[in-house]
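S.K.: Next up is a structure, given as structure tokens.
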């Protein structure tokens, strides 16, 4: 029951990320998603009895659900820009493509999932969808902060994928990836702030001028 | 025990070169010590090379591993046979003499800070060349070949503040790496079929016919680039003039010969005798190159560019000889092939001598008058008498005038082509031989024209500019260098049998037969008795004829008085602008061959604005366009650049698109993985 | 053994007869033009005259100018020792062959050209330039033409060629006539006769040999003129020997030496008359039309070679 619930929430939150218009909403969705990801991790850890997974899940809840959204939110407050997320594709088109990616995730799972136990299979399509949609978010949004959010979602997907397929990656690797994402988001915040100061905008369109 | 001596000497020579270069760099602060080390070690090492060359001519093949590499194929393996020994000898002799010359010449660059690099570059360059001709496996060969190319690049752009030197270096390094690419392909095809990286093993294994021809084509392209065969020659007229003169002497005199060595190695030692078209193609390419080289040389007024084109021409002649040998080998006639190879090897040695000599002379002229433009020189015979004498001998030698060494190799080439015509059974080959003789004769005559022009315009008549007027004689070490080479030219001309033993051994190493000369004699194509020895008699005859002439002038008539007078100049004073120029001297040739050269000229009259009948001055410029570059290289390059521009659109500067590439790749991989699952 | 003396005599004879041959050609030309012309032995008198005159040398000239006449004479003399005129083998036939012969002439031309430029006079330089231009194109044709006789003989040695021609395997073929015509054209070119050049004048139009010679006087001039005449007689001898290869003296078979000398002299007379005829029946060509003439000779020779091979 719990498994189905968390799985559903994860998928819906991912799709919702593509639908919302304001950045602050996206941050809230991210927070929610990470929280339920942590719950899923904890439940898996309780099932298999592995200690490091529970540590990772706890870390996920603390950092990705609380700290990172916090940083992003404070950056948003400092920046004096419109709160709207500028995209290349419209919200309906994005939603359609994201739904397609979710279906794609299910297809992939269906072909490969016969090797896994039931509880793990439940999360595999979520994982693949989160990975692809996180990347998709990075592709379609113009503002730098959204790219940070997309990155975190990608990492969520990766974490879930590792949980499903291999009951977690080696601890060191997990911690390393975690650190990478955390620092990346930090950097994106700082950069957004600087970009805003310089260009009065955090749209990555300006970066086009840097090509050789 | 000679074996170990030989390898010891060779290793010692290589080590000395390396030591000299390192020392030059270590003592970079003290210019004097750096110079002494570099050139001193070079002198000793060159002497060692000469000794090694002489020892190695005994005919057996020796191999030795110098360093063991990580993998088996990365050993540094040396291999010496008579052919390598011959080339070592050439490298050593020219190296020794040019080093002596260089000691005086580099004082021209004395004030530069980077001069230790120039000092160090020379031994490394020689080291690489010696390594190329003694390499025993693919790795060694390519390593030394690369070192040679890279070091020569740096030496060519040594005067980096001149933009044409930079451009020349760029074209040179691109072309030479293109050639190396072809070489590598050829070597790896050979390795694939013979299963070994070592040349010794490769020679034993025959390849299937298509693979053989592929190797041949790639070897021709690769070595042809380095040798300067048309149309791969475009770097030569730019690179050789831009380098410092002693380096130009090395590049023209020795470096392009390593390409000849490589080509002979691959086609005659590593491959089995191939089909007839190999030889015919090589001869045609060689003839084309020779004619192209000499015609363009006649259009040049820059001395060094002219000499570069002349090197192209001589390489053409050499490849004509190699092609003739290939034709004979294809017909299973090793003896005439050996004759052709003897001609080729003689010409390699001769050209090394006289081309280095000529570059040294132009270096001396450049040093004292700061110009290479023949239209600005003249009258130097009085100001630089020794250099003039040496240049005269060099010009006579390269024009193949008896009794100089050039005549010997030209004569041998003639005889090889004659044998080709004489021994052929089909009308096609017969006429081919005759036509090639005609081309050889034409090229020979044009070369004589070229060097008469060179010598006359530079040294005779009146100085055409202040630069020529202020010229002085070259420093002693340069004169010694030039004098030694001049002596070599004369000696090899009068006593060619000095070299015949070594040449015969080297040719034997390639075709497996000896006594080609006695064959030629008994076959009657050469007159009885060794006619090569008799060229010396011809030289003595000319001298005695001159003596007879002098005796006649004393005997007949009374004792006459010689007075000096002004040259008749239609009643006026003879001024430099009234004398003939280099451009004018070769004008008839440019006119006759205008279809091949397509010269263009502009004559602009600067008229008086008041009336068109009074002209204040004329400006005349004529140029021969670089046809090969315009017709072949430019289109290829523009296609490449257009293609690259197309690809550039991928890099559009939008971060998101790069991420899109990632996303797409991920999805595609997943789809593909799905498809593969049963 | 006595053949050696005859060979030496051959060389001396060629040298001494050269001015006479020149005189013959001039006399023949004059008679054809309806003039009396100079006496036959005039060239000898000219040489004598020059040998007794002082010479003036340009201040601009260097040692090359002074050395050139000696080198030219020496090279021409060596060439004379190579050509079999009336004795089947020449004195120094073992030293070289037709390649050496052509290159000896080239050596002479080398020094003449340098001497022409040396004085700084543009007349000499222009003559040198044109001389080199014409000979650059003539040399390949000369080789191809001589190959018509050399290839069947299997050797480039002149004595060997003559031996083949006087031997039994040889017969007159149509190829031979073509070769002879081509060779006549080449002799005209190499000796600088009309239609290629006019050897009797010193004008800008006709300066191939005369240009460099112009600055010389006195004994060196005598040497230079004599060398030119010797070269001419050598070429005539080749033409005579190739067109009429009978009457050679040899130790084994052949005519007696005196007879062959007389025969050779007669051949020279005939060739001189032919040359005079050629000169009289043509006008001098424009310089840049000369390559066309040489191309015609080349085509003839190639044709001759082809038919010779096929028959």
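S.K.: Just a yes or no: is a residue in region B:584-606 touching a residue at least 60 places away in the same chain (Cβ under 8 Å) and exposed (fewer than 11 other Cβ atoms within 10 Å of the Cβ)? Break it down stepwise before answering.
M.R.: Let us first name the residues in region B:584-606 that are touching a residue at least 60 places away in the same chain (Cβ under 8 Å), namely B:585-586, B:589-590, B:593, B:596-597, B:599.
Remaining after also requiring exposed (fewer than 11 other Cβ atoms within 10 Å of the Cβ): none.
No - not one qualifying residue is present in region B:584-606.
S.K.: On the basis of being surrounded by 20 or more Cβ atoms within 10 Å (Cβ to Cβ), farther than 13 Å from residue C:185 by Cα and away from chain B (no Cβ under 12 Å), does residue C:281 make the cut? I'd like the intermediate steps shown before the answer.
M.R.: On the way: surrounded by 20 or more Cβ atoms within 10 Å (Cβ to Cβ): no; farther than 13 Å from residue C:185 by Cα: yes; away from chain B (no Cβ under 12 Å): yes.
No: the conditions fail for residue C:281.
S.K.: Could you tell me which of the residues B:546, B:565, B:572, B:539 is in contact with a helix residue (DSSP H, G or I) (Cβ under 9 Å, 6 or more places away or on another chain) and facing chain C (nearest Cβ under 7 Å)? Steps first, answer last, please.
M.R.: On the way: B:565 fails: in contact with a helix residue (DSSP H, G or I) (Cβ under 9 Å, 6 or more places away or on another chain); B:572 fails: facing chain C (nearest Cβ under 7 Å); B:539 fails: facing chain C (nearest Cβ under 7 Å).
Every option except B:546 fails the conditions.
S.K.: Would you check which residues across region C:150-161 are within 16 Å of residue C:85 (Cα to Cα) and part of a helix (DSSP H, G or I) and list them? Outline the logic, then answer.
M.R.: Here is the first cut: in region C:150-161, the ones within 16 Å of residue C:85 (Cα to Cα) are C:157-161.
C:158, C:159, C:160, C:161 - these are the residues of region C:150-161 that are within 16 Å of residue C:85 (Cα to Cα) and part of a helix (DSSP H, G or I).
S.K.: Which of (1) under 21 Å from the mean Cα position of the chain (by Cα); (2) facing chain B (nearest Cβ under 7 Å) does residue C:84 not meet, given it meets every other one?
M.R.: Only one criterion is unmet by residue C:84, namely (2).
S.K.: Counting just the residues of region C:162-207 that are in a loop (DSSP other than H, G, I, E, B) and either under 15 Å from residue C:235 (Cβ atoms) or in contact with a strand residue (DSSP E or B) (Cβ under 7 Å, 6 or more places away or on another chain) (or both), which one comes out modelled with the lowest pLDDT?
M.R.: Taking region C:162-207 and keeping what is in a loop (DSSP other than H, G, I, E, B), we get C:167-173, C:192-207.
Subsequent filtering for residues that are either under 15 Å from residue C:235 (Cβ atoms) or in contact with a strand residue (DSSP E or B) (Cβ under 7 Å, 6 or more places away or on another chain) (or both) retains C:192-193, C:196-197, C:199.
Details: C:192: 84, C:193: 85, C:196: 83, C:197: 80, C:199: 76.
So, considering only residues that are in a loop (DSSP other than H, G, I, E, B) and either under 15 Å from residue C:235 (Cβ atoms) or in contact with a strand residue (DSSP E or B) (Cβ under 7 Å, 6 or more places away or on another chain) (or both), the one modelled with the lowest pLDDT is C:199.
S.K.: Need the failing condition index for residue A:75 against (1) more than 14 Å from chain B (Cβ to nearest Cβ); (2) modelled with pLDDT of 80 or more; (3) under 28 Å from residue B:664 (Cβ atoms), just the number.
M.R.: Here residue A:75 meets the rest and fails (3).
S.K.: Quick one: residue C:27 ticks every box in (1) farther than 30 Å from residue B:381 by Cα; (2) outside any helix (DSSP H, G or I) except a single one, so which number is it?
M.R.: (2)
S.K.: How many residues does region C:48-76 contain that are within 8 Å of chain B (Cβ to nearest Cβ) and within 22 Å of the chain's Cα centre (by Cα)?
M.R.: 7
S.K.: Separate question: Could you check how many residues of region B:442-471 are in contact (Cβ under 8 Å) with a residue 24 or more places away in the chain and closer than 30 Å to residue B:337 by Cα?
M.R.: Going through region B:442-471, the residues in contact (Cβ under 8 Å) with a residue 24 or more places away in the chain turn out to be B:442-444, B:446-465, B:467-471.
Narrowing further to those that are closer than 30 Å to residue B:337 by Cα: B:442-444, B:446-448.
The qualifying residues number 6.
S.K.: Can you tell me which of (1) assigned to a loop (DSSP other than H, G, I, E, B); (2) surrounded by fewer than 22 Cβ atoms within 10 Å (Cβ to Cβ) is the one residue C:45 doesn't meet?
M.R.: Failed condition: (1).
S.K.: Report, by residue number, each residue of region C:292-308 that is facing chain B (nearest Cβ under 9 Å) and crowded, with 18+ Cβ neighbours inside 10 Å. Talk me through it step by step, then tell me what you get.
M.R.: We begin by selecting, within region C:292-308, every residue facing chain B (nearest Cβ under 9 Å); these are C:298, C:301-302, C:305-306.
Result: C:298, C:301, C:302, C:305.
S.K.: I need a count of the residues in region A:38-57 that are part of a helix (DSSP H, G or I) and out of contact with any helix residue (DSSP H, G or I) (no Cβ under 7 Å at 6 or more places or on another chain). Please lay out each step first, then the result.
M.R.: Within region A:38-57, the first condition is being part of a helix (DSSP H, G or I), and the residues that meet it are A:38-48, A:51-57.
If we keep only those that are out of contact with any helix residue (DSSP H, G or I) (no Cβ under 7 Å at 6 or more places or on another chain) as well, we get A:46, A:48, A:51, A:55.
Result for region A:38-57: 4.
S.K.: Out of B:445, B:461, I need the residue that is assigned by TED's automatic domain parsing to the domain that holds residue B:313, buried (at least 24 other Cβ atoms within 10 Å of the Cβ) and outside any helix (DSSP H, G or I). Which one?
M.R.: Details: B:445 fails: outside any helix (DSSP H, G or I).
Going through B:445, B:461 in turn, just one is assigned by TED's automatic domain parsing to the domain that holds residue B:313, buried (at least 24 other Cβ atoms within 10 Å of the Cβ) and outside any helix (DSSP H, G or I): B:461.
S.K.: Counting residues that are within 14 Å of chain A (Cβ to nearest Cβ), which helices (runs of 4 or more DSSP H) fully inside region B:575-678 reach at least 2?
M.R.: So the answer is B:634-648, B:655-676.
S.K.: Being out of contact with any strand residue (DSSP E or B) (no Cβ under 9 Å at 6 or more places or on another chain) and either over 18 Å from residue B:176 (Cα atoms) or touching a residue at least 40 places away in the same chain (Cβ under 8 Å) (or both) is the filter here, so list the residues in region B:134-148 that pass it. Lay out the reasoning, then the answer.
M.R.: Of all residues in region B:134-148, those out of contact with any strand residue (DSSP E or B) (no Cβ under 9 Å at 6 or more places or on another chain) come to B:146-148.
Scanning region B:134-148 gives a single hit, B:148.
S.K.: With the structure loaded, tell me whether residue B:227 is modelled with pLDDT of 90 or more and surrounded by 23 or more Cβ atoms within 10 Å (Cβ to Cβ) or whether it fails that test.
M.R.: Working: modelled with pLDDT of 90 or more: yes; surrounded by 23 or more Cβ atoms within 10 Å (Cβ to Cβ): yes.
Judged against the criteria, residue B:227 is a match.
S.K.: Moving to a separate point now. Would you pick out the residues in region A:125-179 that are assigned to a loop (DSSP other than H, G, I, E, B) and either closer than 16 Å to residue A:10 by Cα or in contact with a strand residue (DSSP E or B) (Cβ under 7 Å, 6 or more places away or on another chain) (or both)?
M.R.: A:142
S.K.: Now for a separate question. Give me a count of the residues in region B:418-432 that are buried (at least 24 other Cβ atoms within 10 Å of the Cβ) and either facing chain C (nearest Cβ under 10 Å) or closer than 18 Å to residue B:452 by Cβ (or both). Outline the logic, then answer.
M.R.: Within region B:418-432, the first condition is being buried (at least 24 other Cβ atoms within 10 Å of the Cβ), and the residues that meet it are B:418-420.
Imposing the further condition that a residue be either facing chain C (nearest Cβ under 10 Å) or closer than 18 Å to residue B:452 by Cβ (or both) reduces the set to B:418-419.
Of the residues in region B:418-432, 2 are buried (at least 24 other Cβ atoms within 10 Å of the Cβ) and either facing chain C (nearest Cβ under 10 Å) or closer than 18 Å to residue B:452 by Cβ (or both).
S.K.: Which residue is farthest from residue C:56 (Cα to Cα), if the candidates are limited to region C:98-115 and must be touching a residue at least 60 places away in the same chain (Cβ under 8 Å), more than 8 Å from chain B (Cβ to nearest Cβ) and over 14 Å from the mean Cα position of the chain (by Cα)?
M.R.: C:112
S.K.: Residues to consider are B:185, B:189; find the one that is more than 30 Å from residue B:305 (Cβ to Cβ), part of a helix (DSSP H, G or I) and at pLDDT below 90. Don't jump to the end; show me each part of the working.
M.R.: Numbers: B:185 fails: at pLDDT below 90.
Going through B:185, B:189 in turn, the sole match is B:189.
The values are calculated or read from the model by the stated rules, or taken from the named source; none is laboratory data. Quick caveat, the model's predicted, so the values are computed rather than measured. Here Cβ is always computed from backbone atoms with ideal geometry, including for glycine, and neighbour counts include all displayed protein chains.
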